[in-house]
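The values are calculated or read from the model by the stated rules, or taken from the named source; none is laboratory data. What you see is a predicted model, and the numbers here were worked out from it, not measured in a lab. When we count neighbours, we look across all protein chains shown, and the Cβ atoms used for this are built from the backbone with ideal geometry, even at glycine. Surface accessibility is based on the protein's heavy atoms, side chains included, excluding ligands, DNA and RNA. Shrake-Rupley method; radii C 1.70, N 1.55, O 1.52, S 1.80 Å.
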Amino acid sequence: MAATHLDVGLRCIKYLLCAVNSLFVLTGIMIISVGTTIYAVYDDFSHFLDTSYFSPATLLIVVGIFVFVIAFLGCCGALKESTCMVLVFAVSLLVILIMELAAAIAAYALQDNIKGLLTEKINTTMHQYGKEPEATDAIDFLQSRLYCCGYYGYEDWANITTENDLPKSCQRCTTFANKHICHPYETGCITQLSLIVHRSALYIATGAVAIALIQLTGIMFACMLGRAIRRQKTERERRRWELRESLVNGYQPLGKSDPFTTFPVVYMSPSDPLKNT
């Protein structure tokens with residue numbers, strides 16, 4: 001039987017949706033990688049950041065895992081021509097899109113008071129330097145990793161230690177003419193750490209918006225596929241009904257047939273009486 005325009009259109013949409021789902025798998029990997037990278041960066045400086053700053057990265061990781069499951073559901077629905085699975089796929093994509101936008105908005109909203117939070121956290125930790133091992137390790141890691149000193153500059157250590165007794169982690173030491181010379185970093189740690197938070201928020205927002213655009217395409221294809229499947233099933237049911245009606249109308253039971261048209265009438269001539277004697 002030759003394929004109708006509905007069959008060809010349905011087949012094209014199915015293949016396009018499967019291609020979009022394969023793209024979703026790649027975007028899911030990207031989402032998870034961005035989320036885990038930002039989470040790892042925040043975890044390095046977790047002593048100075050509030051737990052709320054981890055929520056956008058955690059949400060991205062959860063969204064990336066959901067994308068894998070939803071892509072599999074979309075492929076199954078397209079191949080099986082299941083309207084229910086395709087609609088669930090479209091609704092799930094819409095929920096994922098809202099979650100991504102929520103992560104982007106949360107990441108940007110948390111930047112408003114980042115400098116005030118970092119100033120308080122770093123200042124408190126600096127006053128615990130040398131007294132608590134955890135605070136000492138956190139400050140040393142922060143200053144040596146970001147090449148910074150104090151929260152605004154190395155002058156901040158004057159209120160805690162003497163200028164000549166700066167931590168080694170906030171000094172750049174070089175050897176010149178057999179002399180060991182150390183100079184403190186001029187940049188404050190608040191500037192460096194807030195820059196990392198701002199860049200992380202930018203990465204989250206950019207990735208969420210880019211993937212949201214791809215998901216909008218997937219939602220449109222899913223809706224088109226759902227309508228095409230419904231239209232195709234309606235057409236198939238109409239053809240089956242027409243075929244059934246044609247069979248029923250063309251069939252005549254033997255008991256209700258016209259005997260004059262069904263059985264032929266045979267006329268026999270009377271026999272010769274001489275032949276019977």
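Assorted remarks:
- Shape category assigned to region 13-76 from the gyration tensor of Cα positions, a/c cut at 1.5: prolate
- Whole-Å distance, taken between Cα centres, linking region 35-60 and region 178-234: 14
- Computed from label points 7 Å out along Cα-Cβ, the spacing between VAL248 and PHE141 is 7.7 nm.
- Ranked packing of 82-95, 126-139, most packed first, by mean Cβ within 10 Å: 82-95, 126-139
- Global form of region 121-201, assessed from the alpha-carbon gyration tensor, a/c cut-off 1.5: oblate
- Mean accessible surface per residue for region 81-126, computed with a 1.4 Å probe while every protein chain stays in place, in Å²: 47
- Ordering of 28-40, 55-67, 233-245 by packing [mean C-beta count within 10 Å, highest first]: 55-67, 28-40, 233-245
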